[in-house]
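**Student:** Submitted below is the structure of interest, expressed as structure tokens.
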Amino acid sequence: MEETPGLRTAAELAALSARTAPKSKGEDFIKIKIIEGEEMLRLAKAMVEYGQKSGRSNFDRDGDNVKNSSAVLLIGLKDATNCGLNCGACGFNTCKERVPMELDEFKGPQCAWRLQDLGIAVGSAVKTLSMLNVDNRIMYRIGAAARKMGMCDWDVLVGIPLSATGKNIFFDRKWPK
């Protein structure tokens, strides 16, 4: 994909929005990375390959979106501790019962409040991108593939591909029937 002037700056501003988003107990477990160029193309290829290998749908479609983007913003959680509320929202009665383990695509279960922090950070990033008129889409498949290929060692993450063309490349995506 050709370089789009200002897109790196927009990605950096979106990363800033994610970094400064509110977090539970004021504790920050959010990780952020911007990828471009060859690294991004390797991710797109890994997404397609993972979808084929696993039989999981739409990794090829989303990989094609990544390949045709100018940058990808990764946002995730790493080593997030419990909030200590014993609220049960993670599926366990007490925080001590929740013990994250390595699963197929991510490490979990995660504290629901820390996942909410991730959601707020992602929402803040895409709000900034929207304000800057940068086309984007939140994709779990990017995070799964980035983690599988060792691009980052975070526990759970999503990716946000960025594009600035005459037509939003994320708009007319095909869904399986």
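Just so you know, all these numbers are worked out from the coordinates, no wet-lab data involved. Predicted model, so just to flag it, every value in this text is computed and none were measured. Cβ sites come from the backbone with ideal geometry, for glycine too, and all protein chains shown count toward neighbours.
**Student:** What's the FRET efficiency of PHE171 with ARG56 using the Cβ-Cβ distance as r and R₀ = 22 Å, to the nearest 0.05? Before the final figure, lay out the partial values.
**Tutor:** Details: r = 23 Å, r/R0 = 1.04.
Approximately 0.45, to the nearest 0.05.
**Student:** In percent, how large is the relative contact order of the chain, given Cα pairs closer than 8 Å and 6 or more residues apart? Each step should come with its number before you reach the end.
**Tutor:** Working: 322 pairs, mean separation 52.9, N = 177.
Relative contact order comes out at 30 percent.
**Student:** Assuming R0 = 22 Å, can you tell me the calculated FRET efficiency for the pair ASP79 and GLN116, based on Cβ-Cβ distance, to the nearest 0.05?
**Tutor:** On the way: r = 17 Å, r/R0 = 0.77.
The formula returns an efficiency of 0.85 here.
**Student:** Of the listed pairs LYS33/LYS67; LYS78/LYS127; LYS45/LYS107, which have alpha-carbon separations greater than 20 Å here? Display every interim value, and only then the final one.
**Tutor:** Working: LYS33/LYS67 17 Å; LYS78/LYS127 23 Å; LYS45/LYS107 23 Å.
From the list (LYS33/LYS67; LYS78/LYS127; LYS45/LYS107), the Cα-Cα distance tops 20 Å for LYS78/LYS127; LYS45/LYS107.
**Student:** Suppose R0 equals 22 Å; then what is the FRET efficiency for ASP28 and LYS127 from their Cβ-Cβ distance, rounded to the nearest 0.05? All intermediate terms of the calculation are to be shown ahead of the outcome.
**Tutor:** Working: r = 19 Å, r/R0 = 0.85.
So, using R0 = 22 Å, E works out to roughly 0.70.
**Student:** Only helical DSSP H runs with n ≥ 4 go in: add -39500 (n - 2.57) per run for the chain, normalise by residue count and round the 222 nm mean residue ellipticity to 500 deg cm²/dmol.
**Tutor:** -13000 deg cm²/dmol
**Student:** For the range 85-177, state which chymotrypsin sites (Phe, Trp or Tyr not before Pro) are in a DSSP loop and have at most 13 other beta carbons lying within 10 Å of their beta carbon. List each step's numbers first, then the result.
**Tutor:** Values: sites: PHE92, PHE106, TRP113, TYR140, TRP154, PHE170, PHE171; in loops: PHE92, PHE106, TRP154, PHE170, PHE171.
Those that pass, being in a loop and sparsely packed, are PHE171.
**Student:** Would you mind estimating how fast the range 14-73 diffuses translationally, via Stokes-Einstein at 37 °C and 0.692 mPa s with the Kirkwood radius over Cα pairs, in µm²/s?
**Tutor:** In µm²/s, the coefficient rounds to 249.
**Student:** While we're here: Express in whole angstrom the spacing between the alpha-carbon centres of the range 109-177 and the range 83-100.
**Tutor:** 26
**Student:** Compute the length gained on full extension between GLU49 and MET101: take 0.36 nm times their separation in residues and subtract their Cα-Cα distance, giving the result in nm to one decimal.
**Tutor:** On the way: separation 52, 0.36 × 52 = 18.72 nm, distance 2.46 nm.
Extra length available between GLU49 and MET101 comes to 16.3 nm.
**Student:** While we're here: Treating the beta-carbon of each Lys and Arg as +1 and of each Asp and Glu as -1, no other charges, what is the dipole magnitude of the range 69-177 about its Cα centre, to the nearest 20 debye?
**Tutor:** Numbers: 14 positive and 10 negative charges, 75 e Å.
The dipole of the range 69-177 has a size of about 360 debye.
**Student:** Could you give the radius of gyration (one decimal) and Dmax (whole number) of the Cα atoms in the chain, in Å?
**Tutor:** That works out to 16.5, 51 Å for Rg and Dmax.
**Student:** Test of understanding: ordering ILE30, ILE142, ILE169 by Cβ neighbours within 10 Å, fewest first, what list do you get? Present the calculation step by step, with values, prior to reporting the outcome.
**Tutor:** Details: ILE30 24, ILE142 31, ILE169 17.
Final ranking by Cβ density, sparse to dense: ILE169, ILE30, ILE142.
**Student:** Just to be sure I follow the definition: excluding the sites themselves, where is the longest run in the chain that has none of the GluC sites (Glu not before Pro) in a DSSP loop with at most 14 other Cβ atoms within 10 Å?
**Tutor:** Details: sites that count: GLU2, GLU3, GLU27.
My reading of the result: 28-177 is the longest stretch.
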